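The values are calculated or read from the model by the stated rules, or taken from the named source; none is laboratory data. As the structure is a computational prediction, the values presented were derived from the model and not from experiment. FYI the Cβ positions are ideal-geometry reconstructions off the backbone, even for glycines, and counts take in every protein chain you see. Quick note on the areas: whole protein, heavy atoms, side chains included, nothing else; ligands and nucleic acids left out. Shrake-Rupley method; radii C 1.70, N 1.55, O 1.52, S 1.80 Å.
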Amino acid sequence: MNLVLVHGILGFRQKFGVEYFRGISEHFRAQGIAVLVPELDPTRGIEFRGNQLGDQINNSFNSGLLDRTQKTHIVAHSMGGLDSRYLLSPASGKQLVAPVRSLTTISTPHQGSPIADLIDKPLDLLPFPHLPFSPAGNPLELALNELGISLDGLRDLTTVSCQAFSAKYTNHPSVAYFSVAGSGRLGFAPTASALLLFHHYIFASTGKANDGLVTVDSANWGTFDPATWSADHAEEVGYNLDNLVLPPAFPYLANFDRIIANVAML
């Protein structure tokens, strides 16, 4: 089996010895699975990142890192699921040298993210003065512009953009699509402190369960697993943002094992 792990927005393969997918590639390589972890632009839009993804998958087939004789499965977190859907859609026109059998997305905002919507609608924050933005302007956008960092990726995650994306980039008929969602931690604090204000904003504005960045219903695409993950957005890939040294209490590796066991039957 070939496995491609696709990171989300602001993501990376590895930086300063830290992996985006904490210990996951090593976990599956130890089982004899060929694993590719592409490195996509952290802030560009879906089409740009999706084309990068296709190039890196093709290069891995051509170099022998991935085996053309084995079935290939993509597991993508957050925005990485949209990049993967773009790549696999017949509408993208991107050709892969070997087919992909399945795509499983983890907390991908298929229907958009309320947090992304704030980039273009800062006035929506008027009832939430405790959040680090102001209705007079969006300092996040101003700061990123000064640094030369693209907002294309975040704007591609807005509700309107995701609706247009799904209408254009339809599923590939030969690919099986699966999805799972995080619904936040069990207990008093539903997320790590870094995501708690976003979690409260999403719940207050939509009334929907979420992992601190993406609602459960937005993460639904293809065959959806109703057994949501009791984790926040970072715990889904192995990180407790309250203590980066220790892995989260949430058994993320066991849940990745469930994903692989599911697609292995295809």
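Some points to look at:
- Per-region count, the range 30-72, residues closer than 20 Å to Ala261 by Cα and buried (at least 18 other Cβ atoms within 10 Å of the Cβ): 5
- Among the residues of the range 207-245, those that are of a type in the set (D, E, K, R), under 22 Å from Glu19 (Cβ atoms) and assigned to a loop (DSSP other than H, G, I, E, B) comprise Asp211, Asp232, Asp242.
- Within the range 201-226, being touching a residue at least 40 places away in the same chain (Cβ under 8 Å), surrounded by fewer than 20 Cβ atoms within 10 Å (Cβ to Cβ) and among the charged types (D, E, K, R) holds for Asp217, Asp225.
- Look at the range 235-262: where a residue is within 19 Å of Ser78 (Cβ to Cβ) and a partner is part of a helix (DSSP H, G or I) and charged (D, E, K, R), sitting 6+ places away or on another chain with Cβ atoms under 7 Å, you get Pro248/Glu235; Phe250/Glu235; Tyr252/Glu235; Tyr252/Glu236.
- Condition check for Ala234: over 17 Å from the mean Cα position of the chain (by Cα) and open to solvent by less than 50 Å² (accessible area, probe 1.4 Å): no
- Of the strands (runs of 3 or more DSSP E) lying entirely inside the range 65-180, those containing at least 3 residues that are closer than 27 Å to Gly207 by Cα and at pLDDT 80 or above span 102-106, 176-180.
- Figure legend. Inter-residue proximity from the range 183-200: first residues at pLDDT 90 or above, second residues part of a helix (DSSP H, G or I), beta-carbon distance below 6 Å, spacing 6+ or different chains. Indicated pairs: Pro190/His199; Thr191/His199.
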